[in-house]
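Below is one structure; the comments refer to it alone.
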Amino acid sequence: MGLLALNRLMFMQRGRLRRPIQARNGLMTSAAKRKGSPCLQDDNSRSDKKLRYSMPSLPEDIWHHIHSLLPLRDAARTACVSRTFLGFWRCYPNLTITRETLGLVRLEDEKDGMSYETSCDLATKIDHILRNHSGTGVKALKLEINDFPVFCTYGDLDRWLHIAVRPGIEKLDLWLRPILSAVSVYNFPCSLLLNGSGKSLRHLHLSSCTFRPTAGLDCLRSLTSLELYEVRVTEDDLRCLLSSLVALEELRLVDCEELIFLKIPSLLQRLSNLVVHDCENLEVIESKAPNLSGFEYMGPQVQLSLGDSLQDIYINGSGRGWDIVHYAWAKLPCMVPNLEVLEISTSYLSDTLVVPAGKFLHLRHLFIDGFCRPDYDHFSLVSFLDACPYLETFRLFVEHDFMEDELVLGDFSHDLRQMPGHLHSNIKDVQILGFYSTKSIIELTCHILENATSLESLTLDTSYTAILCSDSKNGKCLPMNRDMIMEAHKALLAVKRYILGKVPSSVELKVVEPCSRCNDLEILVQERKLVEPAQSESAQEFPLGKNK
């Protein structure tokens, strides 16, 4: 679309091109001064004429800026149209070298692989692009060769980086192939960032390589973002590096298996966001950064020491037997007293009742995503809501196993537990995704309706899918199996019988049921010959799936 927009601009102004290029003050525009431009130093009188009669009358610096905003392929194509654009191309500041920009098909669409000659031709093409931009002020370089055919050596990669990474570069993204135990790993040349090349660097992303920073990298004092994906880096290496990154604002570590102890020093006063994912051998995360406000963690259970500045936490311990819900209430109130947003996801919810260690006096938004057995006592979450007196938004995403005839909708309208006196006066929005017909989740829902005095909206989603046909690419919802659809039907009956009559007129009730087009509920109901219990008059009038 970038090249099309450029062509449209040139066409619209073609009628003005035969007029002399003159500014309002009577002086020639910067097009007349382009002989001194470093990007256009090879232009001659012929190119002057071509500029005047082939392009709208805009100053050179504006054309240069427009050209710098084009995607790399479009920017290269314009160099074939005009010598002026050829000069701009040589100064193009943002180099993104991927399969797409080199005109390759997607890796999954390659049928017969790639010949050796074609592979060598691609390596030569990258060489040519980078050499043409050597010393011309490259601001950003992205080498995404993690899904390329094997056509380049580590020597090629070293050469390309040394060509492009020069003083003035601000962003370096290096995406390599995932680390395989039987394949040697690329050793990122830290010397590349010395001699002034690292002083201007603001963003550094490395993947699938070895990174051994030394004390000499104190030149990275402008770095604001550091991302390491599948990088072999030890805690000593990282500690040495972090001690000099005084401007760092975001640190992202993913699948760095050599890390055991992650320590964030107090001198990182600008660090505001820390992300740690799947560092399987990590045991301790300790942060003394005084202004850290966001923390995201996914992985096995670790010892956390995060400081009291945190306001937003996401913890995911899926598949690792870590009951993060109970951990959060037992540890976090004292550890992060100023927390405002807490999102926790776990594949393990235990039945052990844990008394919260304190109250979250600043928590406004709580999101819980948990896998549990059908007999898990969701009503126990009431004590957690009590620990958040200023909570405004509560979202519970329930995942559980579905077994044939395991859940049978019974009549327990006179046996629902209550917890009077536990008011939640600030909760306005409650969402229960994966709502099903177990007694404890019905009790939790009724408790919220009776004790959340400021409640404005209640959403009960029985569809068990996050992707609807209206949002998916193929126009279909994620498929639901037979047991899921049958349970959704019983959940809708539970809403009619136990919940509908408790909804105040001031509360908007939203009930989401399975898509009738993608997951036909009525057919399965008829097949199973499910006999619905007697319904109240109000339940028969309630239009499920619509707002009340």
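Odds and ends about this structure:
- The figure for Lys139 is an accessible area of roughly 90 square angstrom, using a 1.4 Å probe on the protein chains alone.
- Accessible area per residue for the stretch 178-280, computed on protein heavy atoms with a 1.4 Å probe, is 40 Å².
- Measuring with a 1.4 angstrom probe and ignoring ligands and nucleic acids, Ser272 comes out at about 40 Å² accessible.
- With both labels modelled 7 Å from their Cα along Cα-to-Cβ, the Gln301 to Arg270 distance reads 3.8 nm.
- Modelled spin labels at Lys288 and Thr98, positioned 7 Å past Cα toward Cβ, are 4.0 nm from each other.
- Length released on extending from Lys263 to Ala357, taking residue separation times 0.36 nm less the Cα-Cα span: 31.3 nm
- Separation in nanometres of the label points that stand 7 Å from Cα toward Cβ, at Val81 and Arg252: 3.4 nm
- Förster radius 45 Å - calculated FRET efficiency between Ile62 and Ser425, Cβ distance, rounded to 0.05: 0.20
- Förster radius 51 Å - calculated FRET efficiency between Ser383 and Lys199, Cβ distance, rounded to 0.05: 0.40
The values are calculated or read from the model by the stated rules, or taken from the named source; none is laboratory data. Only a predicted model underlies this, so the values are computations on that prediction, with no experimental measurement involved. Neighbour counts run over all protein chains shown; Cβ positions are idealised from the backbone, glycine included. Ligands, DNA and RNA are excluded from the accessible area calculation, which covers all protein heavy atoms including side chains. Shrake-Rupley method; radii C 1.70, N 1.55, O 1.52, S 1.80 Å.
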